[in-house]
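Novice: I have a structure here, written as structure tokens, and I will follow up with some questions on it.
Values quoted throughout were computed directly from the atomic coordinates according to the rules given, and no laboratory measurement underlies them. Computed from a predicted structure; not experimentally measured. FYI the Cβ positions are ideal-geometry reconstructions off the backbone, even for glycines, and counts take in every protein chain you see.
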Ligand code: UFG
């Protein structure tokens with residue numbers, strides 16, 4: 001099956017595109033390289049264009065049977081500062097893509113969604129049927145596309161899966177691709193940048209949360225486990241599975257201090273750190289209840305926190321990362 005991978009030069013998109021290829025699918029990456037990286041296109045069938053380029057998009061859609069849509073901005077704080085950028089790119093451009101997909105008669109659509117659609121959870125682990133009440137524009141933009149998919153599926157028969165990621169982490173075991181954001185805000189890469197001496201200390205945002213050690217708890221999920229879930233979701237839809245949303249996390253949470261310990265264990269270096277005030281908008285604990293994905297997709301993450309940290313560490317020492325970082 002041929003699959004258009006929008007945002008396929010980005011972090012999660014690039015890992016999924018490679019695993020699609022390795023699993024016998026024919027991925028076609030569509031990316032404007034505004035956030036994605038040229039290194040992720042090496043050896044891949046790709047189109048460098050903007051989703052707003054209607055001609056390029058229609059030509060690309062004629063070549064495929066399914067779409068996986070990763071192209072979006074994903075910074076929670078940035079979305080609060082510049083919501084227009086988020087509604088324009090994630091909603092307006094996302095809807096144009098969706099309409100072009102319907103017009104092209106494509107039947108399968110997989111959306112990169114997020115646990116941010118839930119807002120502060122009333123229950124942890126978070127079940128899939130938890131009401132979606134996002135508290136930041138990023139979550140609201142993803143929820144808007146989820147709503148559109150639900151309506152278009154009911155009205156037009158589009159088959160979709162909305163995949164709600166928890167905290168994506170790690171890198172491909174090959175060391176060829178991995179995470180590289182500008183600026184980097186995520187915990188694991190920030191901790192590794194500190195371990196490598198590129199940052200003087202890791203800031204720990206808050207130690208007075210109602211958690212066992214006072215720091216926030218998150219459900220970290222290896223990027224290749226996420227990639228596998230996309231392939232399983234596509235197979236599920238192709239086999240006649242009903243359109244649905246899925247939580248993608250391991251179901252186990254780790255605190256910021258537990259991540260710091262994992263980073264020290266993997267790198268063998270003590271991590272200079274400083275406790276700072278809480279970061280606005282951080283809920284104390286976000287943990288997935290992934291049972292829906294376990295059951296319907298037969299998805300079971302196989303990599304643990306140590307794997308995520310060590311693959312990310314290996315990636316951040318690779319020639320590709322070091323060259324792209326400069
Ligand atoms: N943290 C630090 N120091 C840092 C970076 C992060 O202490 O330098 C803490 C944060 O406060 C948080 C935890 O580490 O408690 C994880 O933070 P990340 O920035 O790595 O990830 P988030 O949980 O903020 O973000 C993730 C996804 C988003 C998604 C969001 C939903 O990356 O896409 O969860 O809340 F929207």
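Novice: Taking the Cβ of each residue in 303, 107 as the centre, tally the other Cβ atoms inside 10 Å and list the residues starting with the fewest.
Specialist: So the ranking, lowest neighbour count to highest, is 107, 303.
Novice: Which whole-percent values make up P(r) of the chain when all C-alpha to C-alpha distances are grouped in 10 Å steps starting at zero?
Specialist: 6, 27, 37, 23, 6, 0
Novice: Right, here's the next one. Enumerate the residues in the stretch 217-236 having an amide nitrogen under 13 Å from the point lying 7 Å beyond the Cα of residue 278 toward its Cβ.
Specialist: Correct set: 217.
Novice: Still on this structure, please answer the following. Enter the Cα centre distance for the pair the stretch 72-122 and the stretch 137-182, rounded to the nearest angstrom.
Specialist: After rounding, the separation between the Cα centres reads 8 Å.
Novice: Test of understanding: what is the full-extension gain from residue 326 to residue 150, defined as 0.36 nm times their sequence separation minus their Cα-Cα distance?
Specialist: Extra length available between residue 326 and residue 150 comes to 59.1 nm.
Novice: So for 86, 108, fewest C-beta neighbours within 10 Å to most, what's the order?
Specialist: The most exposed by this proxy come first: 108, 86.
Novice: Continuing with this model, one more query. Helix 256-267 sits at what angle to the longest principal axis of the chain, using alpha carbons and giving 0 to 90 degrees rounded to 10?
Specialist: 80
Novice: Once both labels are modelled 7 Å past Cα along the beta-carbon direction, what's the residue 182-residue 2 spacing in nm?
Specialist: 3.3
Novice: Which FRET efficiency, nearest 0.05, do residue 80 and residue 22 yield, Cβ-Cβ r, R0 51 Å?
Specialist: Calculated value: 0.85.
Novice: Hey, what angle do you get for helix 305-316 against the long axis of the chain, alpha-carbon based, 0 to 90 degrees rounded to 10?
Specialist: That works out to roughly 80 degrees.
Novice: Who wins for biggest fluctuation among 68, 308, 44 in a Gaussian network model of the chain, springs between alpha carbons below 10 Å?
Specialist: 44
Novice: Over the chain, what is the percentage of antiparallel beta bridges among all DSSP beta bridges, to the nearest 5?
Specialist: 5
Novice: Based on the mean of other Cβ atoms within 10 Å per residue, sort peptides 252-262, 9-19, 96-106, 316-326 so the most packed one is first.
Specialist: My ranking of the peptides, most packed first, is 9-19, 252-262, 96-106, 316-326.
Novice: If each of residue 50 and residue 198 carries a label point 7 Å out from its Cα toward its Cβ, how far apart are those two points in nm?
Specialist: So the label points at residue 50 and residue 198 sit 2.9 nm apart.
Novice: Let me ask another. So what's the angle, to the nearest 10 degrees on a 0 to 90 scale, between helix 94-103 and the longest Cα principal axis of the chain?
Specialist: Once rounded, one gets 30 degrees.
Novice: Please give the length that would be gained between residue 63 and residue 239 if that part of the chain were fully extended, namely 0.36 nm times their separation in residues minus their C-alpha to C-alpha distance (nm, one decimal).
Specialist: So the chain would gain 61.3 nm between residue 63 and residue 239.
Novice: Only helical DSSP H runs with n ≥ 4 go in: add -39500 (n - 2.57) per run for the chain, normalise by residue count and round the 222 nm mean residue ellipticity to 500 deg cm²/dmol.
Specialist: Working: 12 runs with 122 residues, N = 326.
The helix contribution divided over the chain gives -11000 deg cm²/dmol.
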